[in-house]
1. Counting only residues that are under 27 Å from residue 256 (Cβ atoms), touching a strand residue (DSSP E or B) at 6+ places or on another chain (Cβ under 6 Å) and within 16 Å of the ligand (Cβ to nearest atom), how many does region 81-106 have?
2. Quick one: count up the residues across region 259-287 that are within 16 Å of the ligand (Cβ to nearest atom) and part of a loop (DSSP other than H, G, I, E, B).
3. Which residue is nearest to residue 448 (Cα to Cα), if the candidates are limited to region 458-473 and must be under 23 Å from the mean Cα position of the chain (by Cα) and in a strand (DSSP E or B)?
4. Consider only pairs whose beta carbons are under 8 Å apart and that are at least six residues apart or on different chains; among these, list those whose first residue lies in region 272-283 and is closer than 12 Å to residue 237 by Cβ and in the same structural domain as residue 257 (by TED's automatic domain parsing) and whose second residue is in a strand (DSSP E or B) and near the ligand (Cβ under 10 Å from one of its atoms).
5. Picking from 483, 493, which residue would you name as being free of Cβ contacts under 8 Å to residues at least 60 places away in the same chain, within 16 Å of residue 423 (Cβ to Cβ) and within 27 Å of the chain's Cα centre (by Cα)?
6. Before we move on, is residue 358 within 18 Å of residue 132 (Cα to Cα) and within 18 Å of the chain's Cα centre (by Cα)?
7. Output the residues belonging to region 296-327 that are in a helix (DSSP H, G or I) and away from the ligand (no atom under 16 Å from the Cβ).
Ligand code: G16
């Protein structure tokens, strides 16, 4: 039976860089999920004939939220939901299901790389029929709707059994529970040279993939161990847990510590990788060697012709403005299109749909291609394995040869977390006002040639987006400032530093970037305004 239930609006349901992301306890408030979902359904409008995919990364509250969403979808007239078994679905797998089956969109229940559990974070990503997250115009309309919502519709029925594969019906809506892994594996087999990677493992190559107790465990076990023949146990933390076993599922040098310690030990396997909560981020490591995400994008792009799906050519490549410019040199060498977009994967979607780009990536450990409309953690790992299989070279050799050929963009990100939002907004606003006065100024040997906000003009829909502030120097160095759009409370100031070198290729990045860090701190008055002498997280 369909019920219409009265509710009162929440005022904090504005989506960030990637959907709605809040503390679990905020989301657990009465009707919080219901209000947000009803706002989405209201903005979409007529739901008759529409099919959506639904799943999540298994974090705390997924099981409760998913049942609410199923019952609300049915009550709002959705024709069909395709749901991952037991409610599991990675973000890239969900995008693939939308595209492959021409669905109208989907919902991934995840706060991505943020920690889970009752004291952690929860989130909802809403994708439209493009397979990517909805554009800002749609998320703005949804937010406006959340401010005026008065009631929501829900079916008063028992919970759906999501452990059973196959078809069911609920309040007149069709439900299909699918294996979350199969379609994704098929897609990967059609992109990469699985035979070559199998041979690599058969010849004794070793890897460690850290699934961080999040959603990619079952995907990674099936692909790396069962199909490609990596030895059993190559995938660690492989069972998705509601609190990720206490891990912070952010694949970087700080939070993937267990993997990093292993890879930097004498007994490390040949190759190491980690994914985040919902499987769209990746980190790549070799023996005692870390590849920055910016370099990874450049290296993958440079080696496109080693991959069966791309060997006949690629359209172009894009990166977020905050990502290092390493890939720009590769694009130039291959004479392919090159784009810089604001932070947020959704900005790549138009470029992929219009065949301007094939590859894209971000400094925040995201790499992907137009096979789907989300970044894809396992895809990036397979790409690296395919290059290693084709060249017989190690991660370090591949990266060092790349630097030799193109020079090296030393790159680091400094995060100042938990800042009062008023202080953070003021810092950015004052800095923006200061930028025009910085042009032409010298800071030691650094000469500023351009200081301006980053404004992106989308060549497809002609929209303009402002995101972050960029200071460029005569030697090609850059400082980028922006506020994170994925936090669940307070503000995080991100300061991104980059310096290009053609001769000193083996230095400690911090040593190379230290002067630039001091300049960045001074220009934005970071310590005076935030009380922080140094960053909380450095990646
Ligand atoms: C999300 C977006 C990414 C973006 C990242 C930035 O990642 O999908 O495209 O790069 O946020 O985060 P911030 O605004 O905090 O710098 P994810 O993995 O959280 O979905």
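The values are calculated or read from the model by the stated rules, or taken from the named source; none is laboratory data. None of the values given here were measured: they were computed from a predicted structure. All Cβ positions, glycine included, derive from the backbone under ideal geometry; neighbour counts span all protein chains shown.
1. Here the count works out to 3.
2. 5
3. Within region 458-473, the match that is nearest to residue 448 (Cα to Cα) is 470.
4. 275/281
5. 483
6. yes
7. If the condition is that a residue be in a helix (DSSP H, G or I) and away from the ligand (no atom under 16 Å from the Cβ), then 298, 299, 300, 301, 302, 304, 305, 306, 326 are the ones that fit.
Every residue, every condition in (1) touching a helix residue (DSSP H, G or I) at 6+ places or on another chain (Cβ under 6 Å); (2) within 30 Å of residue 122 (Cβ to Cβ), yes or no:
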residue: 443; (1), (2): yes, no
residue: 488; (1), (2): no, yes
residue: 502; (1), (2): no, no
residue: 505; (1), (2): yes, no
residue: 513; (1), (2): no, no
residue: 516; (1), (2): no, no
